[in-house]
1. Just read off the accessible area of B:Arg196 with the full protein assembly in place, 1.4 Å probe, to the nearest 10 Å².
2. What ranking of A:Val257, B:Val275, B:Val20 comes out by heavy-atom accessible area, probe 1.4 Å, highest first?
3. Accessible area per residue for the protein assembly as shown in Å², computed with a 1.4 Å probe and the full protein assembly in place, what is it?
4. Using only alpha carbon pairs under 8 Å that are at least six residues apart, calculate the relative contact order of chain B and give it in whole percent.
5. Past 27 Å, Cα to Cα, is the threshold; run B:Lys100/B:Lys278; A:Lys106/A:Lys243; A:Lys217/B:Lys283; A:Lys106/A:Lys133; A:Lys106/A:Lys174; B:Lys98/B:Lys283 against it and keep the listed order.
6. Amide H of A:Trp64 versus every other amide H placed in the peptide plane: which residues, excluding those fewer than 5 positions away on the same chain, fall under 5 Å?
7. Ranked from highest to lowest mean number of other Cβ atoms within 10 Å per residue, what is the order of the peptides B:95-107, B:155-167?
8. Can you give me the P(r) profile for segment A:53-199? Cα pairs, bins 5 angstrom wide beginning at 0, each as a whole percent.
Amino acid sequence: MDTSEDILQQASPGLIPGSGTARAAKVTRLSPSFISWLQAGPMMLVFLAFFLIPLVFVVIVSFWDYNEYQLLPAFSGRGYTDTFEGCIAQLPDLCTIAKTYLKTLKLCFLVWVITLFIGFWVAYFLAFHVKSKTWQMGLSLLCTIPFWTSNVIRMIAWIPLLGRNGLVNSGLVKAGLINHPIEWLLFSEFSVVLALVHLFTFFMVVPIFNSMIRIDKALIEAAYDAGATGFQTLVNVIIPLAKPGIVIGSIFVITIVMGDFITIGVMGGQQIAAAGKIIETRVNALQFPAAAANAVILLAITFLIITMMSRIVDIKKEL
Amino acid sequence: MKEGRPRSFYVLATFFAAYVLFLYGPMIAIYVLSFQGPQGGLTFPMNGVSTFWIAKLFQGTGIVDLGAAFRRSLLLGIIVMIVTVVLSVAAGMAFRRKFKAQGILFYSAIASLIVPSIITSLGISLEFRIIDDLIKAHWNENFETSMGLLTSGLGAHLTWTLPFGLLIMFAIFNRFDPRLEEAARDLGATPWQAFRHVVLPIILPSVIGIGLFGFTLSWDELARSSQAIGAVNTLPLDLQGLTTTVTNPDIYALGTVISAVSFTVITLALGTIHVLNKRQAAKGSDAGQGLV
């Protein structure tokens, strides 16, 4: 810390003019750990008040009772039993809630695979093929800018393209490829996945690019010199070294898609059920304990996925 | 390395170009469509060119009270920006030495970033409902609600912007040379002087980046606002409300206006960062200046 001054001070106290008084002032000054608390405390308080305590409330309220008008602070499993209503009786058929979660997982998986594929190759191109730093910066920025505009705008942007009279349909009709406009382009699972990929590939590109840029180019040269083909280098050198970025990007995309209700609402024409939509619907019906119960289930599933993924890399080390 | 570019370069360059087209194509489509003529609809072809729909937004005769929502979003965005910058820089400084609760803060930030927004939002709304109930039960029966733009709404936005701010601070201090600060201290600077005259000028371009992030993330934020904002709407919430009833290009016009604000802020921030970097390069070194 303040070693150099201390040493000088001890060596010859009169050497630094005024340092004697500075020294005296320092004694009354705050201790380093107190300063750390002052510096980090405000942010900690925000997380405590608006993230950690609310999470605790979600769990508590999920065990409360409710009627049509209000929350009843009394222990009850109704939030959960209402959610899983009929699930056992219906076996082996899946109940609505199980189907909804499976659908959410399916959407999530599709979006994950596609964003991973696109994200990986975009990051690969930027990291290994773009040699000039300026170009690298410029092209990365190009990929980042849309992230800074409203998601809803980026969603509705698909309407003029995919709609019944949209560019794609009218183009295909004019080209004589189809007779009637394709109906499933918009307000379907297809449009939901497309919009999610469009919105969130960014979250894949950035972390993968970050870990690729740190790969020592000499390693790749060495692989080539040792006779590896491009594919072998990719599989045995680049992918393992880019794995932290791949995992972090995957966690982002998966958690966002698991909880999404806006994109699925807008792009699914409010017709597709998903985990996030259940919560929103329950809230709109003022069934807060049921909403909270679903939030707890969603949180548990998300947490499970993240735990599995973070087994692969130590996230803290990579940041 | 081989001369010329390998074939994979051209394949990937094409792939990249296709991705960029995919990224921008639809957005450009709505920007163009917001300049439809008065008779224009939601799709191509354009039915004349005019600023009719954009003008309609500002006349306030459209579907939402654009002016009020615009001001609310702007106010919230600016406050979120300031708070994010101050708290992130402070916490970033704290992380430069070890302190207790370091792990808790770090994992809170990461968790806040990856716990699905709807859950955070629901939790904040439950928290404020319970606070309201307590106030009504114990102090004031006529109390309305403590939820609002600058209470629950601000908190909800901060849970989204602060983790980004903190991560950017980590990136900054990874590259920061602590010897500069030590030198300042050796010259007798107080910690505050060292921060004000040495650390801050060096990290300022990135701090502006945090501000930019804070503002635009808040300006466009939707999922966390949805349950937590209270009775009023921000601009993105109004926009989302419109998507279910949309029949006119005014929704595109609104989209274009919101994007225009985002892009203006990005451009201003990038411009400032560029100027600051230039200044730093020009004035930051005394090489060639001779002895004083």
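The values are calculated or read from the model by the stated rules, or taken from the named source; none is laboratory data. Quick caveat: nothing in here was measured; it's all calculated off a predicted structure. Note that each Cβ is placed from the backbone with ideal geometry, even for glycine, and that neighbours are counted across all protein chains shown. Just the protein is used for accessible areas: all its heavy atoms, side chains included, with ligands, DNA and RNA removed. Shrake-Rupley method; radii C 1.70, N 1.55, O 1.52, S 1.80 Å.
1. Here the accessible area works out near 110 Å².
2. Values: A:Val257 0, B:Val275 80, B:Val20 25 Å².
Solvent-accessible surface, decreasing: B:Val275, B:Val20, A:Val257.
3. Averaged over the residues of the protein assembly as shown, the accessible area is 49 Å².
4. Working: 291 pairs, mean separation 80.9, N = 292.
Rounded, it is 28 percent for chain B.
5. Details: B:Lys100/B:Lys278 38 Å; A:Lys106/A:Lys243 23 Å; A:Lys217/B:Lys283 34 Å; A:Lys106/A:Lys133 39 Å; A:Lys106/A:Lys174 34 Å; B:Lys98/B:Lys283 33 Å.
Table pairs above 27 Å Cα-Cα are B:Lys100/B:Lys278; A:Lys217/B:Lys283; A:Lys106/A:Lys133; A:Lys106/A:Lys174; B:Lys98/B:Lys283.
6. So A:Trp64 has HN proximity to A:Ser76.
7. Highest mean packing first, the order is B:155-167, B:95-107.
8. For segment A:53-199, the binned pair fractions read 2, 7, 9, 10, 11, 12, 13, 12, 9, 6, 5, 3, 1 percent.
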